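The values are calculated or read from the model by the stated rules, or taken from the named source; none is laboratory data. Small disclaimer: the values here were computed from a predicted structure and weren't measured. Here the Cβ is made from the backbone with ideal geometry for all residues, glycine too, and neighbour counts use every protein chain on show.
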């Protein structure tokens, strides 16, 4: 026993185990504090910053003037729609093909493109992608780590090749959902922020492992390499989050993407959450959410419920009931898919899960990790 107290946000259900999260004297997490702060922000000032950014980069000759990474989901679709139809930009939408893509995700991407966008589909070398995903799973407990790298590096390489100086990502998840607040007042961010926050400092670890295999060349790694600072400076490339410039609302994004970009939802329910309109592009997200649960004690339902609480569409008590129903979701139906993909035995796969399961929060019962805690009830480990 460490004597450390585990708590839940008193407004939403973010846990104190979440990386980089902080709480105020009320017990409200920084995502909920940000929810309040957004009501007081001078959005007209940020609108002016956006207008200046668009004026600076907007093409006058028909060339692409910005890149929007998209999956066909609600958020990238919304950002691309706003840039093209509200601000008159000429965005190039870029998708990095994930492993184990889902039919509904493929359909949504097709529908998005057909709604009127120039688009590039990047398919990184699958041997390299699969290996990086496997090593990310083993070394970082991050099942699609190679793809996560590529949605940054391959998009940056595309920007360099087309000489496109501006890249719009969707939301800054650290600020919106609870984590580091260092970027909340900065319209732009850099590659070091990507490596430190989004890749959790593990980029070099998985590269060292794949290089040690000896059968992957440096040329094979091209789509997974970050440019140097000098190369970024030469391109004049800037990175920003759309969520900096307006109050981010995932449900609004969904409504706009559904109406204007052909977004469709899953007809069947999800194993690990109560929503049906997000994260539908790849099967590995289910494993990612389960590992998040084992590491920190909260899963996809907690994250989705927090979003709904902060947008005022759900009470904390309602959210608590949903979290109890959905969060502890061992992905039984997909285990064989994951084993085949990673080329692992069940024993090897379980060893990785065991490595990342937080033993203070979970105990193993009949081969499955089971929580020692009750969601929403503070306790000491």
* Asked: Within the range 309-327, is there a residue that is out of contact with any helix residue (DSSP H, G or I) (no Cβ under 8 Å at 6 or more places or on another chain), over 30 Å from residue 38 (Cα atoms) and modelled with pLDDT of 95 or more?
  -> no
* Within the range 240-260, is there a residue that is at pLDDT below 90 and loosely packed, with under 15 Cβ neighbours inside 10 Å? -> no
* Asked: Any idea how many residues of the range 222-234 are surrounded by 11 or more Cβ atoms within 10 Å (Cβ to Cβ) and over 14 Å from residue 133 (Cβ atoms)?
  -> 8
* Is the range 275-292 home to any residue that is modelled with pLDDT under 95, within 23 Å of residue 176 (Cα to Cα) and surrounded by fewer than 19 Cβ atoms within 10 Å (Cβ to Cβ)? -> yes
* Can residue 223 be described as part of a helix (DSSP H, G or I), farther than 30 Å from residue 16 by Cα, under 20 Å from the mean Cα position of the chain (by Cα) and in contact (Cβ under 8 Å) with a residue 60 or more places away in the chain? -> yes
* Qualifying residue in the range 190-212 (condition: at pLDDT below 95 and either touching a strand residue (DSSP E or B) at 6+ places or on another chain (Cβ under 6 Å) or in the same structural domain as residue 298 (by TED's automatic domain parsing) (or both)) -> no
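Quick one: in the range 1-18, which of the residues that are part of a loop (DSSP other than H, G, I, E, B) and more than 23 Å from residue 318 (Cβ to Cβ) is nearest to the chain's Cα centre (by Cα)? Let's see the steps before the verdict.
Of the residues in the range 1-18, the ones part of a loop (DSSP other than H, G, I, E, B) are 1-4, 7, 9-14, 16-18.
Then keep just the ones that are more than 23 Å from residue 318 (Cβ to Cβ); that gives 1-4.
Working: 1: 33, 2: 31, 3: 32, 4: 29 Å.
Result: 4.
Here is a list: 67, 21, 54. Which entry is in a helix (DSSP H, G or I) and in contact with a strand residue (DSSP E or B) (Cβ under 9 Å, 6 or more places away or on another chain)?
Numbers: 67 fails: in a helix (DSSP H, G or I); 21 fails: in a helix (DSSP H, G or I).
On inspection, the qualifying residue turns out to be 54.
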* Structure fact -> Given the conditions (1) more than 30 Å from residue 52 (Cβ to Cβ); (2) more than 18 Å from the chain's Cα centre (by Cα); (3) free of Cβ contacts under 8 Å to residues at least 40 places away in the same chain, every one holds for residue 255 apart from (1)
* **Close pairs (8 angstrom Cβ cut-off, 6 or more residues apart or separate chains): within 12 Å of residue 168 (Cα to Cα) in the range 179-192, assigned to a loop (DSSP other than H, G, I, E, B) anywhere** => 187/245; 189/172; 189/183
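Listed here are the residues, each with its yes/no results for (1) at pLDDT 95 or above; (2) in the same structural domain as residue 181 (by TED's automatic domain parsing); (3) surrounded by fewer than 19 Cβ atoms within 10 Å (Cβ to Cβ).
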position: 59; (1), (2), (3): no, yes, yes
position: 69; (1), (2), (3): yes, yes, no
position: 86; (1), (2), (3): yes, yes, yes
position: 96; (1), (2), (3): yes, yes, no
position: 113; (1), (2), (3): yes, yes, yes
* To do: Within the range 276-294, identify whether any single residue is under 17 Å from residue 376 (Cα atoms) and touching a strand residue (DSSP E or B) at 6+ places or on another chain (Cβ under 7 Å), and answer yes or no.
  => yes
* Asked: Do any helices (runs of 4 or more DSSP H) entirely within the range 306-381 hold 1 or more residues that are in contact with a strand residue (DSSP E or B) (Cβ under 9 Å, 6 or more places away or on another chain) and under 25 Å from residue 284 (Cβ atoms), and if so, which?
  -> 346-356
